[in-house]
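Let me begin by presenting the structure, written as structure tokens, before commenting on it.
All of the numbers you see were taken from the coordinates with simple rules; none came from a lab. Just so it is clear, the structure is predicted and the values come from calculations on it, not from any experiment. Neighbour counts run over all protein chains shown; Cβ positions are idealised from the backbone, glycine included.
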């Protein structure tokens, strides 16, 4: 029987198809920016729109998102669903799933909700599996010291229902006291196992750490198998919101830190190198900080989606707009400045919490919402966002490949 390390380190069968890591060999693409919804009630706004694609001709795209209370910090409500069965020509919803993906009451007046959710097609089981994490409130404020878990749910495309969210059982309650997979990009292996990056704070500790879990999913239940090494950076809050991909048989992990984005690599998908700060190809700082980054993976090139300083965006909270895409030099682990393009322009609101969906061999979508909170001293004054044109629009930036992903059916 193969160990996890042995089978994970085998180069992917598709590696012979991979292109070069440098500009000039990258696949060309067009960007079509669709507005899925717009407008808001000025008390709440839509956040965390992320989608999963159910294979078909055409595929069905199921997008989840949830309301945020504007006069609070990360105060979330039930997950809702929007869906298109015609590649975005029309969308249905939003449909609230309060019974299965809504808030729950716990003892002592504590409220818990699933958030930072990300649906993704799980090919081996033929199921749309959504994974996120939990957040707990007391008096409708995030608890400073709180338990946090990875949560998950499974979608029924015929009934348009989700199973009641459940939590992933972990082996060490003290180590993983505050642990979850919120806003992370997972990687499903051909045998159906899931490589799931998470971030966590051990009970009594100060800094967040990142690790990758190997899990099993049988179509109904997600279970822990093992974990890789812990990645640490003991400054500010530590490392969080990791996202994972595989390109040419090598695994890449991108990480959030208060001061900069970081990148790490692995040969087996579990044991990763010391994180390296994201830079441009000339060695200067990329300018991303204190927000997530995610991957867009094509057979012929690897891309990073990110936000950064220095884009006429000092009025945006943490410079979280525009949303950019740039090709990665996978040997030097940097972004090629000449390849940078705007995926979603800034209109006064931040765009930092987004998702990536491989819809077909020909299209990859990046979905994001205009988060209608702004910079201090009055972060709840949504009119500061609106004066630049934002109105809580939910966007799908459709990357339309000129060279299709040859390995689409094997992802």
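Compared with the alpha-carbon gap, the fully stretched path from residue 159 to residue 332 is longer by 57.6 nm at 0.36 nm per residue. The tail of the calculated P(r) for the stretch 311-379, taken as Cα-Cα distances beyond 15 Å, holds 62 percent of the pairs. Students often get this wrong, so try it: which of [x] 25.7; [y] 18.8; [z] 20.3 is mean projected area of the Cα convex hull in nm² as calculated from the structure shown? This structure yields the entry labelled [y]. What residues of the stretch 375-391 lie in the reach of a label at residue 314, counting those whose backbone N is under 20 Å from a point 7 Å from the Cα along Cα→Cβ? Output list for this probe position: 375-379, 384-389. A Stokes-Einstein calculation at 37 °C with viscosity 0.692 mPa s, built on the Kirkwood radius of the stretch 245-291 over Cα pairs, returns a diffusion coefficient of 292 µm²/s. Listing 91, 365 from fewest to most neighbouring C-beta atoms within 10 Å gives 91, 365.
For the stretch 55-192, what does the alpha-carbon gyration tensor say about shape, rounded, prolate or oblate, given a ≥ b ≥ c as the root eigenvalues, a/c under 1.5 as rounded, and a/b over b/c as prolate? Verdict is oblate for the stretch 55-192. Per-residue ellipticity at 222 nm, computed for the chain from helices alone with -39500 (n - 2.57) per DSSP H run of at least four residues, works out to -500 deg cm²/dmol. Taking other C-beta atoms within 10 angstrom as a stand-in for reagent exposure, 139, 25 fall in the order 139, 25, fewest first.
A Förster radius of 45 Å combined with the Cβ-Cβ distance from residue 403 to residue 145 puts the calculated FRET efficiency at roughly 0.35.
For 291, 150, which order do you get if you count the other beta carbons within 10 Å of each Cβ and list the fewest first?
Listed from fewest to most nearby Cβ atoms, that is 291, 150.
Quick one: go through the stretch 320-351 and flag any residue whose amide nitrogen is under 14 Å from the point 7 Å out along the Cα-to-Cβ line of residue 236. What the label zone holds, given the 14 Å backbone N cut-off, is 320.
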